[in-house]
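Colleague: The structure that follows is given in the form of structure tokens.
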Amino acid sequence: MNFVEELRWRGMLQDIMPGTEEVLNNEKVSGYIGFDPTGDSLHVGHLTQIMTLIHFQSAGHKPFALVGGATGMIGDPSFKSAERNLLDESTLQHNLNALKVQLSKFLSFGEGKTDAKMVNNYDWFKEFSFLDFIRDVGKLITVNYMMSKDSVKKRLEGENGLSFTEFTYQLIQGYDFYYLWKHHNCKIQMGGSDQWGNIVTGSEMIRRIDQGSAYALTTQLIKKSDGQKFGKTESGAVWLDAKKTSPYKYYQFWLNATDDDAKSWIKIFTLKPKEEIDAIIAAHDETPHLRIVQKALAQDITIRTHSEQAYETAIKTSDFLFNNGSLDFLSSLQEEELREVFEGLPQYDLSREELNNGIHILDFLAVNTQVFPSKGEARKMLQGGGVLINREKILDGELVLSSSHLINDRYIIAQRGKKNYYLIVLKD
């Protein structure tokens, strides 16, 4: 199965320029996708393009990841409602370094024929004067041509309009394609379907400057089955950086996909072959309550984005919070990891001196912390067997808590009922 056929059956392919598939089938070529460096982490919205480069490399072609140090200073106006803030050079460099580390988890970088290569368009634009640019590049594309693009039309019709800075973006991206075609033999540019206008501007430049041939391919923009934007949650974007989105939350994002979304996403975001995916979907349809597709999807993408260990921790965290799993694994976690497990849940501080002196269970629950609003409510729940400390049901209403109840010599986990967790952190 060739590269284009791979994208097609996985439901990724959107637009393809005539002749592209033939060129890819007849020779091994270089191609590229651009990534926006306005942040120091990619998010799951970038995964479609990352997967495209993975398939491109697997098919024997050479992928280039263009990280736009120059274009990042402008901001792509494509289907955005407002102009982006501009970044300084030091911030952009930090972001570029971080993005290469993330992309290296998915692509094989090196100097081999099919090894991926990262390039920064700032390297060829930093010495390009404004007058040189408008003389050598600006004259190639007419304003009529640029204004015919949907991305420009939408901004011109919107409330915020379009600045000249952003209007030039498609010229800059078009020149990127020409530069990579000229100096790195990149014959194809790929991207999301919202990039089609910018991509074909580049192929047009190549034709006009050197009478060369270049090709284009775009992938579908991923949406949830309910029409909501893919990659967004109530708490914001789902990042590939573990410090921004913990592996547990990352795993949960994929695990909580609807059946329809999971069946689509497992084709797009994993490398599993068609036969295996068909078998997974068939097994899922027989026992949908087991969420077989979601689990296979979440496992695959969590391991590739983070690690096997991160996936195991995410599983144990899920079991602990939702399935009454073992408390033992918490003892092996570092403080930052343990806090991630309880991120978003109520947390209270407690002094070591107080605990060393002993704290009556009712004071612990309603005075030293606010697990309960009053001792009366705490006592009532204790009598009903609804209070747990470190997963053990407390039946002794006169229990005195001490340092012996600590996990990792620093934490106590209280539960009010089965699902309400509270993390108590000891402060020296």
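Every read-out reported here was derived from the displayed coordinates using simple, explicitly stated rules and does not represent laboratory data. These figures come from a predicted structure and were not determined experimentally. As a convention, Cβ positions derive from the backbone with ideal geometry for all residues, glycine included, and neighbour counts pool all protein chains shown.
Colleague: Cut-off 10 angstrom, C-alpha nodes, Gaussian network model of the chain. Which of GLN252, GLN415, GLN170 fluctuates the most?
Modeller: Of the options given, GLN415 has the highest mean-square fluctuation.
Colleague: Figure the gain on full extension for ARG339 and VAL23 (residue separation times 0.36 nm, minus the Cα-Cα span) and round it to one decimal in nm. Write down the numbers at each step before the final one.
Modeller: Values: separation 316, 0.36 × 316 = 113.76 nm, distance 5.17 nm.
Additional length available on full extension: 108.6 nm.
Colleague: Once you sort the root eigenvalues of the Cα gyration tensor of segment 318-428 as a ≥ b ≥ c, which label holds: rounded (a/c under 1.5), prolate (a/b larger than b/c) or oblate (the other case)? Can you show the working numbers first?
Modeller: Values: a/c = 1.69, a/b = 1.20, b/c = 1.41.
Oblate is the answer for segment 318-428, as a/c is 1.5 or above yet b/c matches or exceeds a/b.
Colleague: Quick query: amide H of VAL119 versus all other amide H atoms, modeled in the peptide plane; which residues come in under 5 Å with a sequence gap of 5 or more or a different chain?
Modeller: Distant-sequence amide H within range of VAL119: ALA65, LEU66, VAL67.
Colleague: Quick one: of LYS229/LYS267; LYS100/LYS267; LYS229/LYS263, which pairs are farther than 20 Å apart, Cα to Cα?
Modeller: On the way: LYS229/LYS267 18 Å; LYS100/LYS267 25 Å; LYS229/LYS263 17 Å.
LYS100/LYS267, as the Cα separations exceed 20 Å there.
Colleague: What does the extension gain come out to for LYS223 and SER148, with contour length at 0.36 nm per residue minus their alpha carbon separation?
Modeller: Values: separation 75, 0.36 × 75 = 27.00 nm, distance 2.58 nm.
Result for the pair: 24.4 nm of gain on full extension.
Colleague: Hey, which of these cross-link pairs are over 32 Å Cα-Cα: LYS126/LYS154; LYS154/LYS243; LYS62/LYS316; LYS117/LYS154; LYS149/LYS187? Let's see the in-between values first.
Modeller: Numbers: LYS126/LYS154 30 Å; LYS154/LYS243 35 Å; LYS62/LYS316 39 Å; LYS117/LYS154 34 Å; LYS149/LYS187 22 Å.
Those over the limit are LYS154/LYS243; LYS62/LYS316; LYS117/LYS154.
Colleague: Also: Using a/c under 1.5 as the rounded threshold, could you call segment 267-324 rounded, prolate or oblate? The axes a ≥ b ≥ c are square roots of the C-alpha gyration tensor eigenvalues, and prolate needs a/b larger than b/c, oblate otherwise.
Modeller: oblate
Colleague: Across the chain, where is the longest run that never hits trypsin sites (Lys or Arg not before Pro) in a DSSP loop with at most 12 other C-beta atoms within 10 Å? Kindly include the intermediate steps, with their values, before the conclusion.
Modeller: Details: sites that count: LYS28, LYS105, LYS113, LYS126, LYS243, LYS418, LYS419.
After excluding every exposed loop site, the longest remaining stretch is 244-417.
Colleague: For segment 357-427, please report how many Lys pairs fall under 21 Å Cα to Cα, leaving out neighbours fewer than 8 apart on the same chain.
Modeller: Details: LYS375/LYS393; LYS375/LYS418; LYS375/LYS419; LYS380/LYS393; LYS380/LYS418; LYS380/LYS419; LYS393/LYS418; LYS393/LYS419.
Step by step, the pairs that qualify in segment 357-427 add up to 8.
Colleague: Taking 25 °C and 0.890 mPa s as the conditions, I'd like the Stokes-Einstein D for the chain in µm²/s, using the Kirkwood hydrodynamic radius from alpha carbon pairs.
Modeller: Working: Rh = 24.8 Å.
Here the translational diffusion coefficient equals 99 µm²/s.
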